[in-house]
Amino acid sequence: MKKKPLKFDKDLFKRSVQYNVKTLYRKTMEEATEQELYQASAYALKDAIVDHWMTTQKKAAEQDPKIVYYMSMEFLMGRAFGNNLINLQAYKPVKEALDELNIDLNLIEDQEPDPALGNGGLGRLAACFLDSLSTLGYVAYGCGIRYKYGMFRQKIQDGYQVEVPDTWLENGNPFELRRNEYAKEVKFGGYVNMYTDERGRTMFKQEGYQVVRAVPYDLPVVGYGNGVVNTLRIWDAEPIQCFQLDSFDKGDYQKAVEQENLASQLCEVLYPNDNHIAGKELRLKQQYFFISASVQTALQRYLKHHEDIRKFYEKNVFQLNDTHPTVAVAELMRLLMDEYYLSWDEAWDVTTKTCCYTNHTIMAEALEKWPVDLFQRLLPRIYQIVDEINRRFVDQIMRQYSGSAGIDVQAKIRSMAILYDNQVKMAHLAIVGGHSVNGVARLHTEILEKRELKDFYEMMPEKFNNKTNGITQRRFLLHANPLLADWVTEKIGDDWIVDLSQMEKLKAFADDKKAQQEFMDIKLQNKKRLAKYILKHNGIEVDPKSIFDVQVKRLHEYKRQLLNILQVIHKYNDIKTHPNKDFYPKTYIFGAKAAAGYLTAKLTIKLINAVADVVNNDPDIDGKIKVVFIEDYKVSNAELIFAAADVSEQISTASKEASGTGNMKMMLNGAITLGTLDGANVEIVNEVGEENAFIFGLTSQEVMDYERNGGYNPMDIYNSNPNVKKVLDMLVDGTFSNDRELFRPLYNCLLNTVNSNKADQYFILKDFESYLEAQKRISDAYQDKKRWAKMALLNTASCGKFSSDRTIQEYVDEVWHLDKLEM
Ligand code: GL4
């Protein structure tokens, strides 16, 4: 049976906007600025959302379903206004209402800052998961931090990245609700006192600590068309009010100041590192801060309607998004024992049955390890608990392996202990303290089992499982690409919005000439839309008829933006030396933020811009290639970019990209993957067929084999391949900078051992020829209009598996076992 669309009262909305303009700003509609009109509209929309939010709460209280707490340092939500309209099925009435008020919906949407409380894929995945949880009707809480400054705004000045603070809260956030009444206290430092209580129990008490007040802000997460509204609860830190006059006399002045400083620093800023841990003390404080507040909340919420805390896990599950929230294991143990008087064994039973861990990367520099002294000083009681978990676990390793022939027990301990070499290994704590460990794509999970976490897998294979990532089609097709969304609906109906496997029905149109034409016309419209954006923001004119070849993602050496730009340089040389050779015009589009302290990444951005300057302005090139670096890549412009992509560059060194999700967003929008057999690319190719993707380069097995044998010698390639030699020499011969030494570090990385990193550790030169050849195949394929249209259409038609709805349903069926809310 077809569900009725949600009701939306257009006239009420209209009146509400007018009323808000008046009461918020004391202005008439004509006087209000665009920002004020956005705010007034957003408050009006929130009004409609809150009704659903309250109903969801009420139903959840009645039905008492099992719920998931998705704990994450990052939620890269992107703008809420348009997405909420979509999921409330209110886009049309709101557009009409605003039209009648003489307000342009697009302009309004553009007034909203991107909430960017995340770095990249990991944070965006969390956002897609929340969307799917609501849409599938599961009760879920996102738990995170309300950073005052999210991911920095990127400016490009003279080709260099400059980081500018992201002041997203400047005008307030109309969608949030501050929940003062749910504030919690979180304690840091001091020491632990042991004592015997009146009932003869040994108890532990933290004393001499600093305390901050954690204040939650709730954001609604609206499900698509079902009236379900879940909550993303993000925490802000405030000083405890103890700064009274008499504390001065008591000698607490110093402490009061410190506490106040701690509170003001805690939630200031998101660490802008992706796939890399800086290991800063404040970061550990952030982790414990939001975890302690969240776990306290979860226990209290459960006990409001349940008696037996030992059954907590029957109604609750914690999913730890990477190791960042892993102190949850010890914090749950602490609260269960110290506040709720459970024994160690009882608490351990609850904890392991509650916690689950997702691994998102195998990059060594992303492995979270904390120095024991720092950890102990900051979290003395938590450290005691971790120490005891470790002691028992090491015991277990010894019991299990001592006396087994051919097994080196000490080696097992070395590789698996939670405390080792004076470090706290967070991944090990997460694995031992929970019942599920998952990777984020088939290949990634395999690598975890066979290599990275091999010893754990052998000891506890039942914990390991794969959950291939997914993305929400509501944001990345329905909202990002209305033309294509309408076209799909016209062809196969609108069930795809909540069931992406329906897209398969489009396969029937793969050879249909009219459908192909329509599909490519829509692509062209979207390319024109992006071209406009590029002209406005970059001042570069690009030809919408050229191939839009897109690589947008965080800048990281393993993602190999350098391989891409070296290939562009080669193409440039090729056109210069063969001016009459037939060459189909291409526009290379880049977008990437580099972590502020990541010099090689920042230099790569400069190189891309330097190449762009040379290539775009060389009359010999005559527009055959253009290079564009889109400033400040973020969710809102990503939506424009995905819709316009012809080619999706997914060229990471095989084995390094755990999954990738941009690859899925582009596939959904009919872009063809040019990639290595890495992460989820493997599964994308599996779904769409090899003939509808362009695959090149070393396999993950080959890469890992080289790595085991100490790498390879890129000098051999440099000396034997004149193309490579020429391109590399141009990095240091003044072509792209008057300062010939500027790009020397990149040149050196490729050819020499630098700081104990192997020469060309990401196999750029090794994959170079094969990459060029794949680029050539693309240009050829594109010129066969019918063939390309069919390939592109088949990519959209084959993306069904990559919905985050599918991923979430797998988590529910195999790990979380949640109950669906009946609305
Ligand atoms: C990441 C991976 O690098 C990326 O491949 C994956 O898609 C994403 C979500 O699982 O997680 N891991 C880290 S760290 N940052 C990411 O984006």
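The values are calculated or read from the model by the stated rules, or taken from the named source; none is laboratory data. Not measured: the values here are computed from a predicted model. Here the Cβ positions follow ideal geometry from the backbone for every residue, glycine too, while neighbour counts run over all protein chains shown. Remember, those area values only see protein heavy atoms, side chains included, never the ligands or the DNA or RNA. Shrake-Rupley method; radii C 1.70, N 1.55, O 1.52, S 1.80 Å.
Compute the length gained on full extension between residue 349 and residue 307: take 0.36 nm times their separation in residues and subtract their Cα-Cα distance, giving the result in nm to one decimal.
Details: separation 42, 0.36 × 42 = 15.12 nm, distance 1.70 nm.
The residue 349-residue 307 span can extend by a further 13.4 nm.
Defining a contact as two alpha carbons under 8 Å apart and six or more residues distant in sequence, what relative contact order in percent does segment 49-148 show? Please report the intermediate quantities before stating the final value.
Details: 95 pairs, mean separation 46.1, N = 100.
Computed over segment 49-148, the figure is 46 percent.
Hey, if you put +1 on the Cβ of every Lys and Arg and -1 on every Asp and Glu Cβ in segment 95-140, which of 103, 116, 133 ends up farthest toward the positive end of that dipole?
133
Can you tell me, using C-alpha contacts under 8 Å and at least 6 residues apart, the relative contact order of segment 118-267 as a whole percent?
On the way: 244 pairs, mean separation 37.0, N = 150.
Relative CO of segment 118-267 lands at 25 percent.
Classify segment 217-363 from the C-alpha gyration tensor, please: rounded if a/c falls under 1.5, else prolate or oblate depending on whether a/b exceeds b/c. Mind dumping the intermediate values first?
Values: a/c = 1.59, a/b = 1.30, b/c = 1.22.
Here segment 217-363 falls in the prolate category.
Only Cα pairs under 8 Å and at least 6 apart count here; give the relative contact order of the chain as a rounded whole percent. Please list the in-between numbers first.
On the way: 1493 pairs, mean separation 111.5, N = 823.
With pairs under 8 Å counted, the relative contact order is 14 percent.
Going through the cross-link list 148/304; 187/369; 10/665; 586/634; 513/545; 523/553, which pairs have a Cα-Cα distance over 28 Å in this structure? Kindly include the intermediate steps, with their values, before the conclusion.
Working: 148/304 32 Å; 187/369 22 Å; 10/665 32 Å; 586/634 23 Å; 513/545 19 Å; 523/553 21 Å.
Violating the 28 Å limit, Cα to Cα: 148/304; 10/665.
Taking 0.36 nm per intervening residue step and subtracting the Cα-Cα distance, what contour gain separates residue 162 from residue 185 on full extension? Don't skip to the answer; put the middle values down first.
Values: separation 23, 0.36 × 23 = 8.28 nm, distance 3.70 nm.
Net length gain for the segment: 4.6 nm.
Count the net charge of all other residues whose Cβ sits under 12 Å from the Cβ of residue 20, scoring Lys and Arg as +1 and Asp and Glu as -1. Could the numbers behind the result be given before it?
Values: positive: 14, 15, 22, 26, 27, 46; negative: 36, 47.
Once positives and negatives cancel, what remains is +4.
Per the Debye formula with a single identical scatterer at each Cα and no solvent contribution, what log10 I(q)/I(0) holds for the chain at q = 0.05, 0.08, 0.09 Å⁻¹?
So the normalised log intensities work out to -0.28, -0.72, -0.92.
Give the calculated FRET efficiency between residue 462 and residue 820 to the nearest 0.05, with a Förster radius of 30 Å applied to their Cβ-Cβ distance.
Values: r = 26 Å, r/R0 = 0.87.
Working from the Cβ atoms, E equals 0.70.
Sort 696-703, 537-544, 329-336 by packing, meaning the average of other beta carbons within 10 Å per residue, with the highest value first.
Values: 696-703: 18.8, 537-544: 14.9, 329-336: 25.2.
Final packing ranking: 329-336, 696-703, 537-544.
What does the charge add up to near residue 381, with Lys and Arg as +1, Asp and Glu as -1, over the other residues with Cβ less than 9 Å from its Cβ?
+2
How long is the gain from residue 414 to residue 26 if the chain were fully straight, where each residue apart is worth 0.36 nm and the alpha carbon distance is subtracted?
Working: separation 388, 0.36 × 388 = 139.68 nm, distance 6.70 nm.
Between residue 414 and residue 26, full extension yields an extra 133.0 nm.
So for the pair residue 33, residue 756, with labels modelled 7 Å out along Cα→Cβ, what separation do we get in nm?
If labels sit at residue 33 and residue 756, their model points lie 5.3 nm apart.
Calculated FRET efficiency, residue 744 and residue 54, Cβ-Cβ r, R0 60 Å, to nearest 0.05?
On the way: r = 62 Å, r/R0 = 1.03.
Once the sixth-power term is evaluated, E becomes 0.45.
Which value in nm describes the separation of the simple spin-label points at residue 405 and residue 521, placed 7 Å from the Cα toward the beta carbon?
7.4
Please identify the DSSP H helices in the chain that span no less than 30 Å along the helix axis (Cα) and have a mean Kyte-Doolittle hydropathy of -1.0 or more. List each step's numbers first, then the result.
On the way: long enough: 34-63 (43 Å, -0.77); 281-305 (37 Å, -0.37); 380-401 (31 Å, -0.71); 513-538 (36 Å, -1.23).
Span-like helices here: 34-63, 281-305, 380-401.
Hey, rough spin-label estimate for residue 770 and residue 391, points 7 angstrom out along Cα→Cβ, what's it come to in nanometres?
5.1
Charges at C-beta only: +1 for Lys and Arg, -1 for Asp and Glu. How large is the resulting dipole of segment 653-801 about its Cα centre, in Debye rounded to 20? Mind showing how you got there, number by number?
Numbers: 16 positive and 20 negative charges, 85 e Å.
Dipole size: approximately 400 debye.
Which residue, chosen from 343, 273, 53, occupies the Cα position most advanced towards the positive end of the dipole of the chain, where the dipole is computed from +1 (Lys, Arg) and -1 (Asp, Glu) charges on Cβ about the Cα centre?
Toward the positive end, the furthest listed residue is 53.
Restricting to the chain, compute how many DSSP beta bridges are antiparallel as a %, nearest 5. Spell out each step's value before the answer.
Numbers: 37 of 82 bridges.
Counting DSSP beta bridges with both partners in the chain, the antiparallel share is about 45 percent.
If packing is taken as the mean number of other Cβ atoms within 10 Å per residue, what is the order of 724-734, 58-68, highest first?
Working: 724-734: 17.4, 58-68: 15.1.
Per-residue Cβ counts within 10 Å, averaged per peptide and sorted highest first, yield 724-734, 58-68.
What does the convex hull of the Cα atoms of segment 511-572 come to per residue, in Å³, rounded to a whole number?
Values: hull volume 8.6 nm³, N = 62.
Cα-based convex hull of segment 511-572, divided per residue, equals 138 Å³.
Could you state the accessible area per residue of the chain in Å², with a 1.4 Å probe and every protein chain left in place?
Numbers: 32870 Å² over 823 residues.
That works out to 40 Å² for each residue.
Would you mind getting me the FRET efficiency between residue 455 and residue 709? Use the beta-carbon distance for r and R0 = 30 Å, nearest 0.05. Don't skip to the answer; put the middle values down first.
Numbers: r = 22 Å, r/R0 = 0.74.
The calculated FRET efficiency here is 0.85.
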